[in-house]
Amino acid sequence: MLNNIKNVCVITGSRADYDLLYPLLRRIRNDKGIKLHIIATGNHMSAEFGLTYKQIEDDGFIINHKVEITPSSDSAGGVIKTMGEGLIGFAEIFGKIDLDIIILLGDRFEIFVAATAATVARIPIAHLSGGETTEGAFDEVFRHSITKMSHLHFTTTELYRNRVIQLGEQPERVFNVGAFVMDNINEMKLLSKDDLQESMKFKFGKRNLLITFHPATLEDSPVEEQFNNLLGALSNIKDVKLIFTKSNSDIGGRKINKMIDEYVELNTHKAVSYSFLGRLKYLSVMQYIDGVIGNSSSGIVEAPSFKIGIINIGNRQKGRAKSSSIIDCKSSLSEIEKAIKIIFTEEYKNKILKTSNIYEGKDVSKKILMEIKSYNLEGILMKIFYDSIK
């Protein structure tokens, strides 16, 4: 029995969540009974981080509203001030438009701000990717807080579904649908090596590594020290091309990006960097590399499907469920060097060929939209705590 849902709003705050949301956005747009509203916020409006709202428009979507939430500095004060300004922006938008439900993905501070505003505005929230843990970043508390403000939940594994229920959410409102990026992997026609090299203005070498590193906001050691150790380890390996993707706007992100620029400038013969590759190029790159190094969720969720090496550094992704092919290491120089040596061994290469991705899913966006359309939203704002402790 379908409900009378007509106005669905999807809020995206970064290149990363937009790429994950793309298949769902496309499916909602193609549904003749629903009007899609898109609000772009966070890094999308920042020239420093690639003005990625243009990618949304290039894909044929209409951005109905924009909310500026990009910290002017790497400091905690800068982030807090920006969050306050974001609340004001969402308050103005939610006061003008009539929405049946808002869809939010993940755990970043701009998404937390949107959830807070929607809660006060009495707009139901569907939350994607709840129940996960990343103990090395304060995204951890944002994610669980968004879960408690949300009314429908779509998780990527059964473990995460159980965790959302553990937080007191009613089981009938929590759906395990699989990882959202799998729709991109399963449905997109990835670029050939020649086309990819031409579009990136980069030529792959005999061995290649993709480096995606973000600030671990709850780590004790300074972000510069962690990333400097990674750069030191990369400098010590020979005959390997390096592809860097820039960091996000978390506290310390600008420091990482400055270090990337300086490193690439000194190593133009083997290193390149990109503010934003986009989902097609990013996933296409994974076809032709030996491994992913860093602390991004993409190394945990997408990379295992490509049977490549994966090194996860530090505590940023601590607590997240991982496939057995992933090598966890500390952020010290010696630990990173040791991990890099492993991914080029025949023993490890044979291991990853036999390893499956625990986040595999199919028709994920279809499942999400079907559940949202069929769920009776009447009275959904009234939440009853589900107590699993009897």
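The values are calculated or read from the model by the stated rules, or taken from the named source; none is laboratory data. Everything numeric here is computed off the predicted structure, so don't read it as measured data. In this analysis, Cβ positions are derived from the backbone assuming ideal geometry, glycine residues included, and neighbour counts consider all displayed protein chains.
Summary of values
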{"quantity": "Qualifying residues in segment 101-119 (those that are in contact with a His (Cβ under 9 Å, 6 or more places away or on another chain) and free of Cβ contacts under 8 Å to residues at least 40 places away in the same chain) - the one surrounded by the most Cβ atoms within 10 Å (Cβ to Cβ)", "calculated": "D107"}
{"quantity": "Tally of residues being surrounded by fewer than 21 Cβ atoms within 10 Å (Cβ to Cβ), not β-branched (V, I, T) and not in a helix (DSSP H, G or I) across segment 205-240", "calculated": "12"}
{"quantity": "Matching residues, segment 120-144, being of a type outside the set (F, W, Y), closer than 27 Å to K96 by Cβ and either surrounded by fewer than 19 Cβ atoms within 10 Å (Cβ to Cβ) or in contact with a Lys or Arg (Cβ under 8 Å, 6 or more places away or on another chain) (or both)", "calculated": "V120, A121, R122"}
{"quantity": "Condition check for I358: surrounded by 16 or more Cβ atoms within 10 Å (Cβ to Cβ) and more than 30 Å from I28 (Cβ to Cβ)", "calculated": "no"}
{"quantity": "Residues being farther than 25 Å from G278 by Cα, within 20 Å of the chain's Cα centre (by Cα) and among the hydroxyl-bearing types (S, T, Y) - total across segment 54-84", "calculated": "0"}
{"quantity": "Flag for T147 being surrounded by 15 or more Cβ atoms within 10 Å (Cβ to Cβ) and closer than 22 Å to D363 by Cα", "calculated": "no"}
{"quantity": "Residue match in segment 60-76 (condition: in a helix (DSSP H, G or I) and without any contact (Cβ under 8 Å) to a residue 12 or more places away in the chain)", "calculated": "no"}
{"quantity": "Residue satisfying all of: in segment 243-267; out of contact with any Gly (no Cβ under 9 Å at 6 or more places or on another chain) and of a type in the set (A, V, I, L, M); surrounded by the fewest Cβ atoms within 10 Å (Cβ to Cβ) among these", "calculated": "L266"}
{"quantity": "Condition check for I63: surrounded by fewer than 18 Cβ atoms within 10 Å (Cβ to Cβ), of a type in the set (A, V, I, L, M, F, W, C) and closer than 26 Å to A216 by Cβ", "calculated": "no"}
{"quantity": "Any chance A16 is in the same structural domain as F154 (by TED's automatic domain parsing), buried (at least 20 other Cβ atoms within 10 Å of the Cβ), in a helix (DSSP H, G or I) and among the small types (G, A, S)", "calculated": "yes"}
